[in-house]
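Before any comments, here is the structure.
What follows is calculated from the coordinates using simple rules that are stated; it is not laboratory data. Quick caveat: nothing in here was measured; it's all calculated off a predicted structure. Note that we place each Cβ from the backbone using ideal geometry, even for glycine, and neighbour counts take in every protein chain shown.
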Amino acid sequence: MAKMYYENEISKEALAGQTVAIVGYGSQGRAHAMNLKESGFDVVVGLYEGSPSVKRAEADGLKVMSVSDAARAANVVMILVPDERQKKVYDEGIAEHMTAGKSLVFAHGFNIHFGQIVPPADVDVYLIAPKGPGHLVRRVYEEGRGVPALVAIHQDASGKALDKALAYAAGIGAARAGVLETTFKEETETDLFGEQAVLCGGATELVKAGFDTLVEAGYQKEIAYFECLHELKLIVDLLYEGGFENMRFSVSDTAEYGDYMIGKRIINENTRAEMKKVLSEIQNGDFARAWIEENEKGRPIFNKIKAAELEHPIVETGKNLRSMMSWIKQSEVK
Ligand code: NDP
Ligand code: MG
Ligand code: MG
């Protein structure tokens with residue numbers, strides 16, 4: 001059972017009087033900065049010159065500085081720029097200000113775990129990873145509740161890294177829900193595995209394979225879209241609210257019988273063997289090396305596949321059908 005911490009056992013003392021620099025003001029950055037500020041922390045935001053996020057942070061009443069000035073001014077530096085940019089941002093604007101006693105903090109362990117950022121030995125290095133997107137972290141905080149978070153310690157120079165991490169977690173509201181202890185290795189590897197095998201890679205290929213099978217068999221694309229993509233939300237909502245048992249309680253007995261009889265033929269022993277292989281490539285660093293190299297080359301493979309995916313008939317079909325459903329909040333991706 002994972003070690004859990006709750007608000008009543010956390011003291012914010014470990015970060016008392018400390019200034020927190022939030023570097024980046026996107027999904028997580030905005031939520032962390034605003035929640036911490038309202039929890040009584042002294043917060044500054046670090047952004048690059050010309051960043052569209054500057055206006056937003058200033059409109060929210062926050063003090064914005066260059067990354068370098070923010071890192072100099074702060075005791076706690078939270079890096080919330082996209083993972084693939086963190087090494088450059090750290091090397092160019094943060095590293096020289098990571099003096100003894102400061103904290104270097106992350107919301108995802110990738111750059112520390114895979115050795116892209118190597119902080120000096122005399123700073124605390126920890127992670128606070130909310131289990132939800134930034135807008136939820138912010139909204140739930142405003143409602144007086146919190147989104148649970150993971151904490152992990154990579155380096156405990158002060159002997160107080162865990163206290164500091166928990167104080168930060170309390171500041172963003174996470175301790176109202178519960179804070180789970182993990183390691184950088186576990187957080188990074190399970191996050192990558194989840195998004196690759198199940199959430200993003202697994203789910204989209206499953207939907208596409210179902211859609212293609214129906215369309216190739218002569219069924220209408222629109223019907224295939226409804227059955228294989230649109231209705232997935234209904235199922236995911238039931239899973240989210242009450243697990244497998246809730247979903248199986250709500251669907252028809254015919255659907256439940258089909259689930260038991262057919263699911264294992266789709267996700268079979270081969271799929272499970274491939275999942276193990278995918279996990280081993282995450283663990284041995286092959287995936288991280290490939291992704292870092294892909295970014296260094298300007299993302300040739302990423303861009304090619306991204307363009308090809310947009311040509312799949314499910315894209316056009318979905319666009320047309322969603323425009324008929326006025327209740328769906330339309331997110332137009334450019
Ligand atoms: P976003 O892409 O939403 O935001 C990135 C922010 O960084 C933007 O404000 C962007 O500014 C700014 N930025 C980009 N480049 C620089 C730079 N060179 N210097 C300073 N600021 C820069 O990121 P996320 O919030 O999604 O991710 C941040 C971290 O949080 C990542 O480590 C991620 O893994 C982690 N995380 C994310 C979750 C999520 O749900 N999104 C959940 C849990 C963890 P501009 O847009 O103006 O260019
Ligand atoms: Mg991830
Ligand atoms: Mg049906």
Q: List, largest first, the extents of the alpha carbons of the chain along their principal axes, each in whole Å.
A: 66, 46, 42
Q. Which ³J(HN,Hα) values, rounded to whole Hz and listed in residue order, are derived for region 54-65 from phi using the Karplus coefficients 6.51, -1.76 and 1.60 in 6.51 cos²θ - 1.76 cosθ + 1.60 with θ = phi - 60°, glycine and proline given as x?
A. 4, 4, 5, 5, 5, 5, 7, x, 9, 8, 10, 9
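Filter the chain for me: DSSP H helices, axial length by Cα at least 20 angstrom, mean Kyte-Doolittle hydropathy not below 0.0. List them by residue number.
Values: long enough: 201-216 (22 Å, 0.34); 269-283 (21 Å, -1.01).
The qualifying helices are 201-216.
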Q. How many angstrom lie between the C-alpha centres of region 119-195 and region 61-78?
A. 20 Å
**Q.** Nonlocal amide H pairs with residue 150, under 5 Å, H built at 1.01 Å
**A.** 129, 131, 180
Q | Point-to-point label distance, residue 294-residue 252, nm (Cα→Cβ direction, 7 Å offset) | A | 4.0 nm
Q: Indicate the gyration tensor shape class of region 195-324 (rounded, prolate or oblate), computed on the Cα atoms with a ≥ b ≥ c the square roots of the eigenvalues: a/c under 1.5 is rounded; otherwise a/b larger than b/c is prolate and the rest oblate.
A: oblate
Q. 222 nm [θ] for the chain, helices only, -39500 (n - 2.57) per DSSP H run of 4+, per residue, to 500?
A. -15000 deg cm²/dmol
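With a ≥ b ≥ c taken as the square roots of the eigenvalues of the C-alpha gyration tensor of region 1-147, please select rounded if a/c is under 1.5 and otherwise prolate if a/b is larger than b/c or oblate if it is not? Numbers along the way, then the final one.
Values: a/c = 1.41, a/b = 1.12, b/c = 1.26.
It comes out rounded by the Cα gyration axes.
Quick one: 78, 34, 4, 275, fewest Cβ neighbours within 10 Å first, how do they rank?
Values: 78 27, 34 23, 4 13, 275 16.
Arranged by neighbour count, lowest to highest, 78, 34, 4, 275 become 4, 275, 34, 78.
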Q. So which GluC sites (Glu not before Pro) in region 231-334 are both in a DSSP loop and have at most 16 other Cβ atoms within 10 Å of their Cβ?
A. 231, 311, 332
Q) Between residue 233 and residue 309, what FRET efficiency follows from the Cβ-Cβ distance if R0 is 22 Å, with the result rounded to 0.05? A) 0.65
